[in-house]
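One structure is given here, and the rest of the page talks about it.
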Amino acid sequence: MRITLRGRMMFLVNSALMLGVFTACSTYPDNNIDPAKNNKATFERDAIECAQAYPETGSGVHVRQRINCMKLKGWR
């Protein structure tokens, strides 16, 4: 079986996309620097606010924007 150049390129592109998705998901902040705010209710409220501020886009940019929004709210 012979793999074409196009097949190799598709594999590399798909691999890079999957790596980006796993990296973005694994770096989502989940601990607040303020112990009083470090609870599930505050996390969910802040996550919903960030999701509303940065709606989903086809390119995936919203994920990075939401992570930065959470960091501004003290989540690390």
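The values are calculated or read from the model by the stated rules, or taken from the named source; none is laboratory data. Quantities reported herein were computed from a predicted structural model and do not represent experimental measurements. Note: ideal-geometry Cβ built from the backbone for every residue, glycine included; neighbour counts use all protein chains shown. To get the accessible areas, we keep the full protein, side chains included, count just its heavy atoms, and leave off ligands, DNA and RNA. Shrake-Rupley method; radii C 1.70, N 1.55, O 1.52, S 1.80 Å.
If you check 69, 25 for being under 15 Å from the mean Cα position of the chain (by Cα), open to solvent by less than 100 Å² (accessible area, probe 1.4 Å) and modelled with pLDDT of 95 or more, only one passes: 69.
Residues that are among the hydrophobic types (A, V, I, L, M, F, W, C), exposed (fewer than 10 other Cβ atoms within 10 Å of the Cβ) and at pLDDT 75 or above within region 1-11 comprise just one, 5. When region 36-76 is filtered for residues that are assigned to a helix (DSSP H, G or I) and touching a Lys or Arg at 6+ places or on another chain (Cβ under 7 Å), the ones remaining, listed by number, are 46, 50, 51. A search for C-beta distances below 7 Å between a residue of region 30-57 that is over 16 Å from residue 69 (Cβ atoms) and any residue that is assigned to a strand (DSSP E or B), counting only pairs 6+ apart in sequence or on different chains, returns 38/32.
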